[in-house]
């Protein structure tokens, strides 16, 4: 239906976005790949050269690399499990006939708009701090020793903070899906004597499957790159107990100023992301109506 | 036929739902309350929910520190600037993909989304080096560019899902009535597209404002926005809780308010139209 000229115009209109994104993706990636095979330390700039796979083998042999991989996956997996399960529960609760539902939504969505450094800093100082934090005060109220959250349980603490930030996102999306469920179906099931649990299991949950998939897909994209929360709270420590892959690469680049090694880490991160993305895109393709 | 909802049940559910919502909101509330306390009562033991000596001095003090307004201004420039630039580039693209879709349009959209999955750390090193070489490091221009590119796929996607809902028949009708292309765009499409563009803009300002990876790695002090400022704000052992809270409250309040306005659009925007 559309004419030849309008097609040409359409291509011209898409071109800037495509070219920019292509350059944004391919140029840095090519450079990272190049650096990953080079000896390139900002602190000794005159010593350069090809080093083969040395930067990669350094990474694989680094004592904290596998820990960082485990931490990265634990962060993604842990936050996904917490936010999806709690998200379903909170969404079900808010969807009940309650008073002031609009205000409830406003309260529940708030953490999502808190920038990561602020979220991390509130939790670190006002809640988890072993002397002045609210949790320490509560523990003392019960006569217990304050828990050293960020010292003794750095990863669970970071997971908790990130889960708090992303719970609103999951809740809001699941709530939106829930509200599109026709109440007639539920009423019919109720009249037929279906219990609350079987109504949830056979009507509500299947209806929410698509929304749950979408929550998992989108959250994973963002969670793989979590950085600000760790930077603000634990700086990857104590030791490297809460170092994730992005943070380890950041340390190599900005702190150790070893560009070659950091680049090799970047390429490893790309491979990890591609493995995850492969599964994501298979799921997301079915769920997005492009 | 309405479901039988007894008043008792409604009240029970209301209390339960409000308790959960307040629990989720509590850290934000606690931060806001702390920002109005004196430093002494902020760390009082046992902690006080409300304090007798309310003060707004923390806000005045944080604001008076010569650097805070600069961080704030940097945040405004970077988030609004990157969003506007992104819109200028994305609107024509989304427009033509929605109204003149080709065989490859869907693949193209998927490819754009896949660029979001590229880990930022993988592109950080070249960007860091290039920015230092060409003088964009620690400049607002540099951050505007970086954040624009980071959010461009989301902007294109959001606009695309909005534009796609504008019925094509309206365009044909206008054309049959003899409207010129310019009139068509100005009087028919623009009014229908404005709400979609506005919510895209809102959501992307929020995303850019809260961005904390590029802002930390690509700035030191000159162009650092609030996210970088707060991240480096170390509270030495609880001495500055009230001021930290005041600074944090000021950092999130504009976005919290924008966010509350855009929460309906947030769902479809961040799910790329998959959940509406």
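The values are calculated or read from the model by the stated rules, or taken from the named source; none is laboratory data. Quick caveat: nothing in here was measured; it's all calculated off a predicted structure. When we count neighbours, we look across all protein chains shown, and the Cβ atoms used for this are built from the backbone with ideal geometry, even at glycine.
Taking helices (runs of 4 or more DSSP H) as the structural unit, those lying wholly within the stretch B:1-71 and holding at least 1 residues that are at pLDDT below 85 and under 25 Å from residue A:101 (Cβ atoms) correspond to B:7-35. Of the residues making up the stretch B:257-276, those that are within 7 Å of chain A (Cβ to nearest Cβ), free of Cβ contacts under 8 Å to residues at least 60 places away in the same chain and in a helix (DSSP H, G or I) are B:259, B:260, B:263, B:267.
Has the stretch A:107-126 got any residue that is without any contact (Cβ under 8 Å) to a residue 40 or more places away in the chain, facing chain B (nearest Cβ under 7 Å) and surrounded by fewer than 24 Cβ atoms within 10 Å (Cβ to Cβ)? There is at least one residue in the stretch A:107-126 that is without any contact (Cβ under 8 Å) to a residue 40 or more places away in the chain, facing chain B (nearest Cβ under 7 Å) and surrounded by fewer than 24 Cβ atoms within 10 Å (Cβ to Cβ).
Inside the stretch A:130-152, can you point out the residues that are touching a helix residue (DSSP H, G or I) at 6+ places or on another chain (Cβ under 6 Å) and without any contact (Cβ under 8 Å) to a residue 60 or more places away in the chain? Give the steps one after another, and end with the answer.
Just the residues of the stretch A:130-152 that are touching a helix residue (DSSP H, G or I) at 6+ places or on another chain (Cβ under 6 Å), to begin with: A:130, A:132-135, A:146, A:149-150.
Passing the criteria: A:130, A:132, A:133, A:134, A:135, A:146, A:149.
With the condition kept exactly as written, say whether any residue in the stretch A:63-81 is in contact with a strand residue (DSSP E or B) (Cβ under 9 Å, 6 or more places away or on another chain), away from chain B (no Cβ under 14 Å) and either modelled with pLDDT of 90 or more or over 22 Å from residue B:119 (Cα atoms) (or both). No.
I need the full set of residues from the stretch A:190-217 which are within 9 Å of chain B (Cβ to nearest Cβ) and either touching a residue at least 40 places away in the same chain (Cβ under 8 Å) or in a loop (DSSP other than H, G, I, E, B) (or both), in order please. Break it down into steps so the answer makes sense when it comes.
Just the residues of the stretch A:190-217 that are within 9 Å of chain B (Cβ to nearest Cβ), to begin with: A:190, A:210-211, A:213-215, A:217.
Across the stretch A:190-217, the qualifying residues are A:210, A:213, A:214, A:215, A:217.
Residues considered: B:42, B:21, B:17, B:57. Of these, the only one that is in contact with a helix residue (DSSP H, G or I) (Cβ under 9 Å, 6 or more places away or on another chain) and more than 10 Å from chain A (Cβ to nearest Cβ) is B:57. Of the helices (runs of 4 or more DSSP H) lying entirely inside the stretch B:131-232, those carrying at least 3 residues that are away from every other protein chain (no Cβ under 14 Å), without any contact (Cβ under 8 Å) to a residue 60 or more places away in the chain and under 21 Å from the mean Cα position of the chain (by Cα) are B:190-210. Any residue at all in the stretch B:91-101 that is touching a helix residue (DSSP H, G or I) at 6+ places or on another chain (Cβ under 9 Å) and more than 9 Å from chain A (Cβ to nearest Cβ)? Yes; the residues of the stretch B:91-101 include at least one that is touching a helix residue (DSSP H, G or I) at 6+ places or on another chain (Cβ under 9 Å) and more than 9 Å from chain A (Cβ to nearest Cβ). With respect to (1) within 22 Å of the chain's Cα centre (by Cα); (2) more than 24 Å from residue B:43 (Cβ to Cβ), the lone exception for residue A:102 is condition (1).
I want to confirm something. Restricting to the stretch A:237-250 and keeping residues that are assigned to a loop (DSSP other than H, G, I, E, B) and buried (at least 24 other Cβ atoms within 10 Å of the Cβ), which single residue is nearest to the chain's Cα centre (by Cα)? Among those that are assigned to a loop (DSSP other than H, G, I, E, B) and buried (at least 24 other Cβ atoms within 10 Å of the Cβ), it is A:244. Scanning the stretch A:139-155 for residues that are closer than 23 Å to residue B:25 by Cβ and exposed (fewer than 15 other Cβ atoms within 10 Å of the Cβ) yields a total of 1. Tally the residues that are within 13 Å of chain B (Cβ to nearest Cβ) and closer than 24 Å to residue B:142 by Cβ, restricting the search to the stretch A:42-57. Going through the stretch A:42-57 one residue at a time, the tally reaches 2. Filtered by the rule that a residue be part of a helix (DSSP H, G or I) and surrounded by fewer than 15 Cβ atoms within 10 Å (Cβ to Cβ), the stretch B:85-109 gives B:88, B:107.
Run down A:47, A:7, A:41 and say which single residue is modelled with pLDDT under 85, surrounded by 13 or more Cβ atoms within 10 Å (Cβ to Cβ) and touching a strand residue (DSSP E or B) at 6+ places or on another chain (Cβ under 8 Å). Show your work before the answer.
Numbers: A:47 fails: surrounded by 13 or more Cβ atoms within 10 Å (Cβ to Cβ); A:7 fails: touching a strand residue (DSSP E or B) at 6+ places or on another chain (Cβ under 8 Å).
Among A:47, A:7, A:41, only A:41 is modelled with pLDDT under 85, surrounded by 13 or more Cβ atoms within 10 Å (Cβ to Cβ) and touching a strand residue (DSSP E or B) at 6+ places or on another chain (Cβ under 8 Å).
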